[in-house]
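Undergrad: Okay, here's the structure, questions in a sec.
Read-outs: derived from the displayed coordinates by stated rules, not from any lab. Here the structure is a predicted model, which means the values were calculated and not measured. Quick reminder, even Gly has a Cβ in these numbers, built from the backbone with ideal geometry, and neighbours come from all protein chains shown.
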């Protein structure tokens, strides 16, 4: 039996935008999660051998009442069977997030489910590409199935 090694398709190549080093800075408005405040993270990503997956890690700084500083590792890919992007992240705060994503024009839309203190929520993470070296981020939470609350907004720049 001959094994045929596939080649990454155009969907996978889209992930290449995120390869490199970035800094993201923004704000968290006050809300049911706490007093809010500034946040930031740096991330460094690279292609996993074979160029099917992007692997990266974040070092983040958050307000103390929102868990404080930490680290996260993640893997981004494309699921051909479901025709969606995938994002799996594991944090130093014990969280594992599994998201699926789609692209619409210059905007990546990621969705996931989570539980905070036993309360189930939906999460939405939007990345809007502004240029080859800048993008906007917005992270939202929905607790009631209808109303989305902005948890954080910021700007990323390549470093």
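Undergrad: In nm, give the distance between the simple-model label positions of residue 69 and residue 14, each being 7 Å from the Cα along the Cα-to-Cβ direction.
TA: It works out to 3.6 nm between the two label points.
Undergrad: If we count other beta carbons within 10 Å of each Cβ, what is the order of 92, 117, 99, fewest first?
TA: 117, 92, 99
Undergrad: Multiply the residue separation of residue 119 and residue 142 by 0.36 nm, subtract the distance between their alpha-carbon atoms, and state the gained length in nm to one decimal.
TA: 7.2 nm
Undergrad: Could you check which residue among 44, 143, 61 shows the biggest mean-square fluctuation in a GNM of the chain with a 10 Å Cα cutoff?
TA: Most flexible of the set in this elastic network: 143.
Undergrad: At 7 Å along Cα-to-Cβ for each site, give me the label-to-label distance between residue 96 and residue 155 in nm.
TA: Here the answer is 3.7 nm between the modelled labels.
Undergrad: Work out how much length residue 59 to residue 3 would gain on full extension: take 0.36 nm times their residue separation and subtract the Cα-Cα distance, in nm to one decimal.
TA: 16.2 nm
Undergrad: What is the distance in Å between the Cα centres of the stretch 77-117 and the stretch 35-54?
TA: 13 Å
Undergrad: Same structure again: Sort the stretch 39-159 into rounded, prolate or oblate with this rule: let a ≥ b ≥ c be the square roots of the eigenvalues of the Cα gyration tensor; rounded if a/c is under 1.5, and if a/c is not under 1.5, prolate when a/b is larger than b/c, oblate otherwise.
TA: Rounded.
Undergrad: Is it possible to state the helix-based mean residue ellipticity at 222 nm for the chain, with each DSSP H run of 4+ residues giving -39500 (n - 2.57), the sum divided by total residues, to the nearest 500 deg cm²/dmol? What is it?
TA: The helix contribution divided over the chain gives -500 deg cm²/dmol.
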